[in-house]
Amino acid sequence: MKRDYPLEKVRNFGIIAHIDAGKTTTSERILFYTGMSHKIGEVHEGETVTDWMEQERERGITITAAAITCFWTPTHARMQDGVVQATDGTNPARHRFNIIDTPGHIDFTAEVQRSMRVLDGAVVVFDGVSGVEPQSETNWRYADDANVPRLCFINKLDRTGASFEDSYKSILDRLSPKAIRAQIPIGLEGEHEGVIDLITMKAYYFEGNMGQEVREADIPENLKADAQKYRSELIERVVEQDDAAMNAYLEGKEPSAEEIKALLRKGVIKNEIFPVYAGSALKNKGVQLVLDAVVDYLPSPLDLPAVTGTDPKTGNPIERHASDDEPFSALAFKLQTDPFVGSLTFFRVYSGSVTSGSYVYNSTTGNKERVSRIVRLQADKREEVEQVFAGEIAAAVGLKDTKTSHTLCDEAHPIILEEITFPEPVVSVRIEPKTKADQEKMGVALRKLADEDPTFKVSTDEETGETIISGMGELHLEILVDRMKREFNVVADTGKPQVAYRETIQGSSEVENKYIKQTGGRGQYGHVKIKMKKLEPLPEGDDVKIPKNVTREDHFEFINSIKGGVIPQEYIPAVEKGVREAMARGVLAGYPMVDISIELVDGSYHDVDSSEVAYKIAASQAFQEAAQKAKAVLLEPIMKVEVIVPDQFMGDITGNLSGKRGQIEGMEERGMNKAVHAMVPLSEMFGYTTTLRSMTEGRGSMTMEFDHYDVVPTNVAQDIIAARK
Ligand code: GDP
């Protein structure tokens, strides 16, 4: 089979926004405009996007799907005599969009990181009244880390208080000096009518009840000077992309619109320019031109470098290009339950192709699995797909053991693509169904939710038998409990949030331990000598950076240095098991230990009495003693906190944060307000939103995210340890 769509006409992108900037509204408009590009005349008089959304919803639309496919023919390719015409699907300028979902809330940064990995570009949406907000900064940083080309869309320019210029400046100041105006708005607030494109030097108005008819016109007289000035700025920036263009420009030759577009495309793909667009999704202004910019400036999979992975047999690095002729390789990036199709595994193909009904090799687990069907989610339907080619995104039905970040590939040419790294959860709560009868249903629901979200974990308290859920923040867990109610009909009570402490050591030690029992008959004999030292905390991931010093529960090393069989080989695994079990139990307050290296250096055995159990116990006891000697300490999650308050509350806020063992890292002006940055232990931050509200008469706002683990000060640690005893 041949690919159904030329790869240069594919765009895999995401819409990134902080909460409330208008991501949902913009996405709805995108689906609306792309869904009707071939039936423009059919919008019924008075029909609104909401009506349309309502109908689509009945048909099972999922704007929260991990990836949605739609098609877009750029406005100019459909324009005749200055008015956009309808086209059928055969217009050669038609492009396929795979829009990848990226959540806005900070508690879901893992989701953002995950999506960054598979998208090739992004549209970042800003609120034209508030400009850059804390979450936009965090998400921007993740996009920087993953080298994702971006377009900026300053939305809500119809709102009272909206300012394109202030928002644009906040992008320059707080995100990147590489941003540059590609448009300017015509009017603001109630007078926001349309936009001016600084490349075509035309004005655009959006007519028809849904703004679906884009009309091109001359720039209004009063905006001509501004447009000329900002166009020159844009041109000066784009000619930096090419020496010949720069020289021609310096000699007074202005590049043509086509040349400017080509240079801008080059700059955007190299992450050297972030063009800025204007509009109002709600008032149906500007969105179509942003889609045109996606086509013009964001990369197709062909514009990107090859992906690298490792050969699971040799450990050598290998590359895969976005080519149908290379062996199949794909990354599973999201598991999601679809009300119509069941469990879906969203994946991106990096090379080769995969056919529905075939078997794929999961190189992460080493198992083969059958892809029973492949679907693409569109606004109004789930399209069955025969074959998916390099560079494309689709969802598989039927994969049972494939989880987020697993690699699927050709068994004859195996590769493991770099895994997506996620931080370990830092908060946990006990959860109990309202009725006993729901116990089993709750188990199923929690397992499904944990499959979808790698930063959400479910465990059982071994002593009490209670279920414990863990995640990245209080809100993260609240939302999951709420989803359980809405999607699985299970109502549950939760306990007080608990901090996920860890334990580690600060020094090193050496311990010899014998476990011997002689009670008539066969006795027990295990004898080990171990050296314990601290492992450097895990480094940052190279692909998607994880917060500094993230410690993972399995960060542990076991070295067997036994020579001459002083302990027979068959007992070595029992020694490691004993060590691991002791590590999981901790030595101070029962929290799992991390960042420890154990070397088994010596020991002895007894012909009759030695057994696996004896070595396990001997090793376990040795570990506990060694950990005490190596100065065991408690670790706690430290959150990166940003609080925004009016000036008059600054003193109270910083005083309060310092009282919470917080380190104030900096302060700055934020419009009319002040922003405080601090690192504060998570245990001190529960319920902080309520405190903040009462301290600032409801005028403060805050965000926080997990940053790293740090040692708990001794006096505080003593209380925690005492409480656990
Ligand atoms: P999300 O949280 O980023 O998905 O934001 P939504 O799309 O849900 O928008 C948040 C709120 O802003 C909603 O009440 C929208 O109606 C409103 N909104 C979105 N876009 C615009 C816009 O362009 N102009 C105005 N005035 N309001 C908007």
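Read the figures in this text as sums done on the coordinates, not as results from a lab. Source: prediction; values computed, not measured. Counting neighbours? That spans all protein chains shown, and the Cβs are built from the backbone with ideal geometry, glycine included.
Quick notes on this one:
- Extent along principal axes [Cα atoms of segment 155-314; Å; largest to smallest]: 63, 45, 32
- Prolate/oblate/rounded label for the chain (Cα gyration tensor, a/c 1.5): prolate
- Descending Cα extents along the principal axes, segment 507-630, whole Å: 58, 33, 21
- Burial ordering of T455, T345, fewest other beta-carbon atoms within 10 Å first: T455, T345
- Nonlocal amide H pairs with Q183, under 5 Å, H built at 1.01 Å: L198, V276
- Ascending count of other beta-carbon atoms within 10 Å, so fewest first, for H18, H413: H413, H18
- Rg of the Cα atoms in segment 427-500, relative to 2.2 N^0.38 Å, amounts to 0.98.
- Formal net charge of residues neighbouring E392 (Cβ-Cβ distance under 9 Å; K, R +1; D, E -1): +4
- Vicinal HN-Hα couplings computed from phi for segment 230-241 (Karplus, 6.51 cos²θ - 1.76 cosθ + 1.60; Hz; Gly/Pro x): 6, 5, 4, 4, 5, 5, 4, 6, 6, 5, 4, 6
- Pairs of lysines in segment 507-630 (C-alpha under 12 Å apart; 8 or more residues apart or interchain): 5
- Contour excess over end-to-end distance, with Cα ends at E233 and E668 and 0.36 nm allotted per residue: 153.7 nm
- About its Cα centre, segment 174-228 has a charge dipole of approximately 440 debye under the convention of +1 per Lys or Arg Cβ and -1 per Asp or Glu Cβ, with nothing else charged.
- Euclidean distance between Cα centres, segment 641-699 to segment 163-180, Å: 25
- 3J(HN,Hα) couplings calculated from phi for segment 348-356 with the Karplus curve 6.51 cos²θ - 1.76 cosθ + 1.60 (θ = phi - 60°) are, in sequence order, 10, 7, 9, 8, x, 8, 9, 10, 5 Hz; Gly and Pro show x.
- E697 paired with K169, simple spin-label distance in nm, labels 7 Å along Cα-to-beta-carbon: 2.7
- Here segment 507-630 is assigned +1 on the Cβ of each Lys and Arg and -1 on the Cβ of each Asp and Glu. Its dipole about the Cα centre then comes out at about 380 debye.
- Backbone geometry of segment 148-162 corresponds, through the Karplus equation with coefficients 6.51, -1.76 and 1.60 at θ = phi - 60°, to 3J(HN,Hα) couplings of 8, x, 9, 10, 10, 10, 8, 9, 6, 5, 7, 6, 4, x, 5 Hz, x marking Gly and Pro.
- Fewest-first ranking of M695, M201, using other Cβ atoms within 10 Å as the exposure measure: M201, M695
- Taking the square roots of five times each eigenvalue of the Cα gyration tensor of segment 248-288, the equivalent ellipsoid has semi-axes of 28, 14, 8 Å, listed largest first.
- Amide H contacts of H527 (H built 1.01 Å from N, under 5 Å, at least 5 apart or other chain): Y515, S604
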